[in-house]
Amino acid sequence: MAVVVVAGCGPLDATGSGGTEVDPIKVLGILPSPDDLRGQPATVADATQLQDGFTGDRDPRVATRIAQLKPPAAAVRTWTASGGRTLVAVVSVWDSHLTAVGVGGDVATMLTDRGGAAWTPDNARGSRGARVGTNGDQEMRLSYAVGRNSLYVRSEGPVDPDVLVRTLNRLEKVVEAEID
């Protein structure tokens with residue numbers, strides 16, 4: 001007689017709670033400084049700081065919605081360089097995979113309200129993103145979720161799109177290794 005034991009660590013469907021929660025500070029701390037961008041260590045983010053990381057602008061509606069969703073953990077890390085270049089990486093934990101996908105993707109695609117276009121780079125399949133502006137005043141956002149963990153990168157100014165993609169891909173690999 002064969003006995004099969006199956007154990008799971010995540011939700012049974014996209015709206016279920018559960019799944020492995022990563023430590024956002026630890027995940028962001030693994031990232032190197034990309035190209036000539038330099039930054040500080042990651043910091044724990046409350047609803048307002050998380051909203052700032054997502055959008056770069058104070059939007060009380062977004063901060064209120066984040067506070068209502070009560071992410072159990074979130075952190076933000078920022079890098080800057082000359083010429084107005086900024087890169088922001090955000091890792092946040094939500095109650096379900098559906099929420100993790102929805103929050104990051106919705107905030108990323110808010111750029112389309114400002115005349116931007118949806119953007120999913122070939123080497124970041126499954127991500128949701130958008131970009132607006134030209135090289136000098138460009139803003140780009142990409143989001144991806146692994147379980148209930150939302151991974152998000154945003155840039156302002158003339159930052160190479162490959163920097164965002166590499167950063168998102170590194171975050172994804174770190175989180176997947178953490179939850180395996």
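Where a number appears in this text, it was derived from the coordinates with a stated rule and is not lab data. All values reported here derive from a predicted model rather than from experimental measurement. So basically every Cβ, Gly included, is an ideal-geometry build from the backbone, and we count neighbours across all protein chains shown.
Give the average over all directions of the projected area of the C-alpha convex hull of the chain, one decimal, in nm².
11.2 nm²
Could you calculate the FRET efficiency of I30 with D113 from 1/(1 + (r/R0)^6), where r is the beta carbon distance between them and R0 is 25 Å, rounded to 0.05? Mind dumping the intermediate values first?
Details: r = 33 Å, r/R0 = 1.32.
My answer for the efficiency is 0.15.
By its C-alpha gyration tensor, with a ≥ b ≥ c as the square roots of the eigenvalues, how is segment 135-180 shaped: rounded for a/c under 1.5, else prolate for a/b larger than b/c, else oblate?
Details: a/c = 4.96, a/b = 2.47, b/c = 2.01.
Here segment 135-180 falls in the prolate category.
What do you get for the angle between helix 97-108 and the principal long axis of the chain? Use alpha-carbon atoms, 0 to 90 degrees, nearest ten.
The angle comes out near 10 degrees.
Extending each Cα 7 Å along its Cβ direction at D46 and E21, get the distance between those two points in nm, one decimal.
In this crude label model, D46 to E21 measures out at 1.9 nm.
Relative to the longest principal Cα axis of the chain, at what angle does helix 161-179 sit, 0 to 90 degrees, rounded to 10?
Relative to the chain, helix 161-179 is tipped by roughly 20 degrees.
Using 0.36 nm per residue, how much length does the chain from D57 to S82 gain when fully extended, once their Cα-Cα distance is taken away?
Numbers: separation 25, 0.36 × 25 = 9.00 nm, distance 2.03 nm.
Separation in residues times 0.36 nm, less the Cα-Cα distance, equals 7.0 nm.
Considering Cα pairs under 8 angstrom that are at least six residues apart, work out the relative contact order of segment 24-179 and quote it in whole percent. Let's see the in-between values first.
On the way: 349 pairs, mean separation 34.8, N = 156.
Normalised by residue count, the contact order of segment 24-179 is 22 percent.
I want the local charge near T120. Using Cβ-Cβ distances under 13 Å, sum +1 for each Lys or Arg and -1 for each Asp or Glu among the other residues.
Values: positive: R125, R128, R131, R141; negative: D122.
Net local charge, T120 excluded: +3.
Working from Cα positions, state the angle (0 to 90°, nearest 10) between the long axis of helix 60-69 and the longest principal axis of the chain.
In the chain, helix 60-69 runs at an angle near 10 degrees to the longest axis.
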